[in-house]
Amino acid sequence: LLNTMGTGNSDYIEQQEVHVKNPHLDSLEEDILYHFDLGTKTHNLPEMFGDIKFVCVGGSANRMRSFAQFMHQELGMPGDRDDIRDICAGTDRYSMYKVGPVLSISHGMGVPSISIMLHELIKLLHHAHCRDVVLFRIGTSGGVGLAPGTVVITDKAVDSFFQPQFEQVVLGKVIVRSTELNKGLAEELLSCSTEIPDLPTAIGNTMCTHDFYEGQGRLDGALCSFSTEEKLEYLRKAYEAGVRNIEMESTVFAAMCHVCGLKAAVICVTLLNRFEGDQITTPHEVLVEYQQRPQLLVSRYIKKRLGLI
Ligand code: R2B
Ligand code: URA
């Protein structure tokens, strides 16, 4: 890349545009981001979103509102944190909140739900001419051999065969994409975690499945086709392959960010240790506190990057 800014500042050279990888988009006169209730003709996307540097996504709409309110406080933003409005209020598919350079969006559960959101999010960042954006998925997961409440920073996002890839059927054929995440970012997050008291954190592989019950080897679904021994054997194999937690979105998140040149990380707290059980029996207040842990970590990273600490 050429340093066209004429500042001699090497930071500019590293700045990355968001790449959409679709030649057909150029010929669209208008792009309607249907599930966000936003569009290139109805909204001034560069004005609304051009200053975004950090995007945080997570499954639940309420949790992503709480994260936005938390960031409002942490960044010392003016106004009342309770007044932050849902930019996607025109649709109940996803919720979106903007706090200065931070965008917080919900993605629902599972690969199809997050993948629809990511198509529209990546196009939004592209239409808004955002540069140098970092994406985080903050979520919950089942731990594999870790104490409940441990924060796992994903090294590799792997599929149910422990392979670092995401497979998608396109026009009746399987397309395979790499799920490589940014190693430097994971290391930086791990280093931030050591500065926060009482935040047990590990780096490990995250397994992404297409189901919460049988797909994650649970014995407590409406259906179960295997024995307790078979379940434990699978979890042991996962552990040996470096898997430390299981969730339902990481592979497609990593794959889409990788293709589009977005620096990305996955940070999920474990709600239970799957070697010990399947049901989530932890009290509600404890679960709420656990779910704040990835938020604390990402907030610290953002504040450091903004020079606030
Ligand atoms: C973690 O939690 C959800 C299932 O309970 C799912 O979205 C995930 O990845
Ligand atoms: N989310 C998952 O996908 N699995 C768990 O076990 C817990 C949360």
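The Cβ shell under 14 Å around F162 holds other residues with a net charge of -1, Lys and Arg each +1, Asp and Glu each -1. The accessible surface of the chain, taken with every protein chain in place and a 1.4 Å probe, is 51 percent carbon and sulfur. Of all DSSP beta bridges confined to the chain, the antiparallel ones make up roughly 40%. Karplus-based coupling profile of the range 185-191, in residue order and whole Hz: 5, 4, 5, 4, 5, 4, 5, with θ = phi - 60° in 6.51 cos²θ - 1.76 cosθ + 1.60 and x standing for Gly or Pro.
Provide the per residue accessible area, probe 1.4 Å, for the range 203-302, rounded to a whole number of square angstrom. Kindly include the intermediate steps, with their values, before the conclusion.
Working: 4200 Å² over 100 residues.
In whole numbers, the range 203-302 has 42 Å² accessible per residue.
Electrostatic tally near V286: other residues with Cβ closer than 14 Å to its Cβ, Lys and Arg +1, Asp and Glu -1, net -2.
Y213 to I116: FRET efficiency via 1/(1 + (r/R0)^6), r the Cβ-Cβ distance, R0 25 Å, to the nearest 0.05? Present the calculation step by step, with values, prior to reporting the outcome.
Working: r = 23 Å, r/R0 = 0.91.
That pair, Y213 with I116, gives E of 0.65.
Residues in the range 79-94 carry Karplus couplings, in order, of x, 8, 5, 6, 8, 4, 9, 6, 5, 9, 4, x, 9, 9, 6, 9 Hz; the curve used is 6.51 cos²θ - 1.76 cosθ + 1.60 with θ = phi - 60°, and Gly or Pro positions show x. With the Cα gyration tensor of the range 29-126 giving a ≥ b ≥ c as the square roots of its eigenvalues, does the rule (a/c under 1.5 for rounded; else a/b larger than b/c for prolate; else oblate) give rounded, prolate or oblate? It is oblate, given that a/c is not under 1.5 and a/b is not larger than b/c.
In terms of its C-alpha gyration tensor, the range 132-173 comes out oblate, because a/c is 1.5 or above while a/b does not outweigh b/c.
Which value, in debye to the nearest 20, gives the size of the charge dipole of the chain about its Cα centre, when Lys and Arg are +1 and Asp and Glu are -1 at the Cβ? Write down the numbers at each step before the final one.
Numbers: 28 positive and 39 negative charges, 78 e Å.
In total the dipole reaches around 380 debye.
Once backbone amide H atoms are built at 1.01 Å from N, V158 has T206, M207, C208 as its partners under 5 Å, excluding neighbours fewer than 5 places away on the same chain.
Mind ranking 140-147, 212-219 by how tightly packed they are, going by the mean number of other C-beta atoms within 10 angstrom, highest first?
Numbers: 140-147: 22.2, 212-219: 18.1.
Descending mean neighbour count gives 140-147, 212-219.
Here the Karplus curve 6.51 cos²θ - 1.76 cosθ + 1.60, taken at θ = phi - 60°, turns the phi angles of the range 258-268 into couplings of 4, 4, 8, x, 9, 5, 9, 9, 10, 10, 10 Hz, with x standing for Gly and Pro.
I need the calculated FRET efficiency for the pair D82 and M109, taking r as the beta carbon distance and R₀ as 22 Å, to the nearest 0.05. It would help to have the intermediate numbers written out before the result.
Details: r = 27 Å, r/R0 = 1.21.
My answer for the efficiency is 0.25.
The H on the amide N of H107, modeled in the peptide plane, is under 5 Å from the matching H of G58, G59, S60, each at least 5 residues off or on a different chain. Rounded to 0.05, the FRET efficiency of the D198 and F162 pair, given R0 = 35 Å and the Cβ-Cβ distance, is 0.65.
Give me the 1.4 Å probe accessible area per residue for the range 60-170, excluding ligands and nucleic acids, in Å². Don't skip to the answer; put the middle values down first.
Working: 4380 Å² over 111 residues.
On a per-residue basis, the range 60-170 sits at 39 Å².
Please identify the GluC sites (Glu not before Pro) of the range 25-101 that satisfy two criteria: DSSP loop assignment and at most 12 other Cβ atoms within 10 Å. Which are they? Mind showing how you got there, number by number?
On the way: sites: E29, E30, E47, E74; in loops: E29, E30.
Passing sites in the range 25-101 are E29, E30.
For the pairs K41/K173; K123/K303; K237/K304; K231/K263; K41/K183, flag any whose C-alpha to C-alpha distance is greater than 32 Å. Beyond 32 Å: K41/K173; K237/K304; K231/K263; K41/K183.
Order these peptides, 265-271, 294-300, 157-163, by their mean beta-carbon neighbour count within 10 angstrom, highest first.
Details: 265-271: 26.9, 294-300: 23.9, 157-163: 18.0.
So the peptides 265-271, 294-300, 157-163, ranked by packing, come out 265-271, 294-300, 157-163.
The charge dipole of the range 58-163, taken about the Cα centre with unit charges on the Cβ atoms of Lys, Arg (+1) and Asp, Glu (-1), comes to about 140 debye, rounded to the nearest 20.
Between amide H atoms placed 1.01 Å from N, distances below 5 Å from L33 occur with L38, G39, T40, all of them 5 or more places distant or on a separate chain. Each label point was placed 7 Å from the Cα along the Cα-to-Cβ direction; for K173 and D92 their separation is 4.1 nm.
The values are calculated or read from the model by the stated rules, or taken from the named source; none is laboratory data. What you are looking at is a predicted structure, and each value in this text was computed from that prediction instead of being measured. Glycine gets a Cβ as well: all are built from the backbone with ideal geometry, and neighbour counts include every protein chain shown. When the accessible area is computed, the model is the full protein with side chains, heavy atoms only, and any ligands, DNA or RNA have been set aside. Shrake-Rupley method; radii C 1.70, N 1.55, O 1.52, S 1.80 Å.
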